[in-house]
Amino acid sequence: MIKIRKDDDRRGASNGQRKDDTRSDSRYDDKRSTPRYNDNRGDSRRDNSRGDSRTNSRNDDRPSRPRRDESRGPRKFEKREGPRGAGPRGGRRPGGRDFFGNKPERAPISDEDYVAKADVVAGHRFTDISDIDNQVLNLLEKRAFLIRKEGAWRKSRQKSLVDPKLEKLLRGSFDAKASELGLDAKLTKSLFTLLNQFSLADVRKKFEGDGYKLAPRVEPLSASISGPRSFRYTRMMLAMAASAGAPAKLAPVTMNAPNKDLAKALKQAKSPIHWDDDYIKNEGGRTLHFEGNMIFVGEDPFNFYMLLCFALGHAGRCKFTGKPALQLMDIASLNRVLPRLGARMVPINPNNPGLPARLECGGAMDEAVTLPGGTDPDFAAALTLAAWSFPGGLTINGLTKEARVRVAEAVEVLNDCGITAELKKDSVTISDGIPTIEPTPTLPLSVKFNSLLMALPIMSGGSLNIQGSWPRNETTDRIVQELTNLGLRIDIATENIVVSKEGDVPENGTITLGEIPDLQPLALALGLRLGNATLTGTFDGTITELLDRMSALYEETEDGLVLKPGTKRWDGTWYSPDPIWSMGCALSAYVVPGILLENHGEVTATWPEFWNFYNSLPTGKMKPKPVREKKDDTRKRIKIR
């Protein structure tokens, strides 16, 4: 039977007059059926001088629990038997000790069951920061959409895409908030400029689908193809012809974005140029004119550098503009060289470090310049190419290893045009003169694209005939030597090159072609073919990302990567950062079939015939190009009111 304690019983208990039966059995309040917390510790805190209301309120606020029966004597505490001991039957006393009082040895903790605290903390940090990054990207996409929407409205009214007044207000608000948060002023200025570029850049379509699957037939080749010509050589020869006012027809030419953008830019500089599907022609009779012109150079930095350097030989002012990629270019570094050549360059928009920019030139030019560290190798090549148009020529010192490779390409073009150019270890000297350009100059094969074609017999056997002139220089000789070491026979003629597999591919080896950035996709494919290979060079995250998706075993070293043999399997889809990497994946698919590309269409824009040829192997018989229909109908539509 449960006794209900009354209020007066509680008041009496506070004066030490509580009955034994009340202490032992009264566990519930008369108003509630929940257990109450009301032990002696609570009673000792009561203050009768202040009344019972304070005591009752304090007790009512406490969580309730059953009272202990003090009639049973003092409480006894015993140690629980845990994993240390199994009790008397196990030969151990309670508490985990044996008969002699010794503690048993603990079993070691398994590494599989042990989770380091640092790993747990790192996991929490990753989750928190990743959530913030997702929010930032979502807001960035929304901001770009709103500015792009504003630009479309302004474009419909024949205005510029960017509203200067709106941008000024946004920048002021952005700088004020950044200052309030204590953020670095220089970095926030660059960040604001970068945020605006997202609204001007091409929108990347959300990928939907299974991807473009690369699963080639591994059969001996017996194919022939007209290899793509060098895009850089084509553009340099076109710039030489336009600057000299010489008539020239360049064919066959792949009319991709870099070639077409340069042709358009030269035409804006008053050069008589026109083009079709497979050729670019300069009529000649008129040289370049830059004074007062605004020239759009597209998005390729090399095109901009060539036009800039050729403009240095013309006194006056002109402006250059381009796509968003060039708007973030740091042209301040160019002003460490341009004053020595009697020129300077100033950004038109002070908030943008790159284009659009104004060039002012016509001052005295030094006969020798030294390129500072960090100079873009493409700028060194463009300056070499245009140096013949400067009074007395030019000597360029301070060439780095990367710049020397690019300058060697320009020296080859100058020599083909009759200009004397001497390349040394870290310098190049170009004499002034008048170029002699053939009406139909021979365009050499593209090294980075055709070297991938040359490696196809290593992957599947057989032979391949590539039509075109293979250039001879340090880089091409290195490629030929390395492919020969892997079992290829390479026969180089004047108008074609034949590669065939004769020897066995070694089981291991060292691939050094990765030391040249354009040849890293080729180096990766060759390393995968060997299985156990060492790749030398400085690699970015692209090659390691591909290896991770292939589940390949590798080890990063100071000199490069070490690939280890093992089963490889592709996972997911991949967005290639450059068309040359997509073509490298096509070569690697012979070893790791099933590679899925999200943006294979960029290869088509760069070299339209590649996928058609690749999918037709081992025969290489491609589908004919669609023929354009000519409209013979001369009728006109007349609107009658």
> Residues of the range 333-352 being within 17 Å of residue 302 (Cα to Cα) and under 27 Å from the mean Cα position of the chain (by Cα), which ones?
Replying inline: 333, 334
>> Here are the criteria: (1) in contact (Cβ under 8 Å) with a residue 12 or more places away in the chain; (2) more than 25 Å from residue 445 (Cβ to Cβ). Tell me which single one residue 555 does not satisfy.
In response: (1)
> Which condition number does residue 191 fail, the rest of (1) free of Cβ contacts under 8 Å to residues at least 24 places away in the same chain; (2) hydrophobic (A, V, I, L, M, F, W, C); (3) under 30 Å from residue 495 (Cα atoms) being met?
Replying inline: (3)
> Among 415, 349, which is the only one that is assigned by TED's automatic domain parsing to the domain that holds residue 243, surrounded by fewer than 22 Cβ atoms within 10 Å (Cβ to Cβ), farther than 22 Å from residue 444 by Cα and without any contact (Cβ under 8 Å) to a residue 40 or more places away in the chain?
Replying inline: 349
> Here is a list of conditions, (1) surrounded by fewer than 15 Cβ atoms within 10 Å (Cβ to Cβ); (2) under 13 Å from residue 241 (Cβ atoms), and residue 288 meets all of them except one; can you say which number that is?
Replying inline: (1)
> Of 544, 557, which residue is over 14 Å from residue 483 (Cα atoms), of a type in the set (S, T, N, Q), assigned by TED's automatic domain parsing to the domain that holds residue 451 and within 19 Å of the chain's Cα centre (by Cα)?
Replying inline: 544
>> For the condition of a type in the set (Asp, Glu) and under 19 Å from residue 451 (Cα atoms), what is the one hit in 558, 545, 515, 598?
In response: 515
> Filter the range 479-493 for residues that are farther than 14 Å from residue 450 by Cβ and in contact with a helix residue (DSSP H, G or I) (Cβ under 7 Å, 6 or more places away or on another chain); which is surrounded by the most Cβ atoms within 10 Å (Cβ to Cβ)?
Replying inline: 482
> Within the range 239-251, is there a residue that is out of contact with any strand residue (DSSP E or B) (no Cβ under 9 Å at 6 or more places or on another chain), polar (S, T, N, Q) and at pLDDT 90 or above?
Replying inline: yes
>> Here is a list: 224, 199, 243. Which entry is under 33 Å from the mean Cα position of the chain (by Cα) and among the polar types (S, T, N, Q)?
In response: 199
> How many of the residues in the range 291-315 are within 19 Å of residue 244 (Cα to Cα) and surrounded by fewer than 16 Cβ atoms within 10 Å (Cβ to Cβ)?
Replying inline: 2
>> Can you pull out every residue in the range 148-188 that is of a type in the set (Val, Ile, Thr), modelled with pLDDT of 80 or more and closer than 23 Å to residue 322 by Cβ?
In response: none
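Those residues that are surrounded by fewer than 18 Cβ atoms within 10 Å (Cβ to Cβ) and of a type outside the set (Lys, Arg), I need them from the range 329-341; list them, please. Step through it out loud before you land on a result.
Quick first cut of the range 329-341, residues surrounded by fewer than 18 Cβ atoms within 10 Å (Cβ to Cβ) only: 330, 332-333, 335-336, 339-340.
Answer for the range 329-341, where residues must be surrounded by fewer than 18 Cβ atoms within 10 Å (Cβ to Cβ) and of a type outside the set (Lys, Arg): 330, 332, 333, 335, 339.
For the range 220-265, what are the residues that are part of a helix (DSSP H, G or I) and surrounded by fewer than 18 Cβ atoms within 10 Å (Cβ to Cβ)? Steps first, answer last, please.
Quick first cut of the range 220-265, residues part of a helix (DSSP H, G or I) only: 231-244, 257-265.
The answer is 257, 260, 264.
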> Name the residues in the range 332-364 that are under 18 Å from residue 306 (Cα atoms), touching a strand residue (DSSP E or B) at 6+ places or on another chain (Cβ under 8 Å) and aliphatic (A, V, I, L, M), would you?
Replying inline: 334, 337, 338, 341, 343, 345, 346, 355, 357, 359
>> For the range 503-521, give me the residue count where each residue is under 8 Å from residue 537 (Cβ atoms), polar (S, T, N, Q) and not in a loop (DSSP other than H, G, I, E, B).
In response: 1
> Does residue 567 satisfy being at pLDDT below 90, surrounded by fewer than 19 Cβ atoms within 10 Å (Cβ to Cβ), within 26 Å of residue 447 (Cα to Cα) and among the β-branched types (Val, Ile, Thr)?
Replying inline: no
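Within the range 438-456, work out how many residues are surrounded by fewer than 19 Cβ atoms within 10 Å (Cβ to Cβ) and β-branched (Val, Ile, Thr).
If we filter the range 438-456 for residues that are surrounded by fewer than 19 Cβ atoms within 10 Å (Cβ to Cβ), which is where we start, we get 438-440, 442.
Filter again for β-branched (Val, Ile, Thr), leaving 440, 442.
The number of residues fulfilling the criteria is 2.
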> Do you know which residues across the range 337-389 are in contact with a helix residue (DSSP H, G or I) (Cβ under 7 Å, 6 or more places away or on another chain), under 21 Å from residue 318 (Cα atoms) and assigned to a loop (DSSP other than H, G, I, E, B)?
Replying inline: 351, 352, 353, 354, 355, 365
>> I'd like to know if the range 515-536 contains one or more residues that are under 24 Å from residue 215 (Cβ atoms), assigned by TED's automatic domain parsing to the domain that holds residue 589 and surrounded by fewer than 14 Cβ atoms within 10 Å (Cβ to Cβ).
In response: no
> Would you pick out the residues in the range 588-612 that are among the hydroxyl-bearing types (Ser, Thr, Tyr) and under 23 Å from the mean Cα position of the chain (by Cα)?
Replying inline: 588, 604, 606
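The values are calculated or read from the model by the stated rules, or taken from the named source; none is laboratory data. Values in this document were obtained by computation on a predicted structure and should not be read as measured data. Virtual Cβ from ideal backbone geometry, glycine too; neighbours counted across all protein chains shown.
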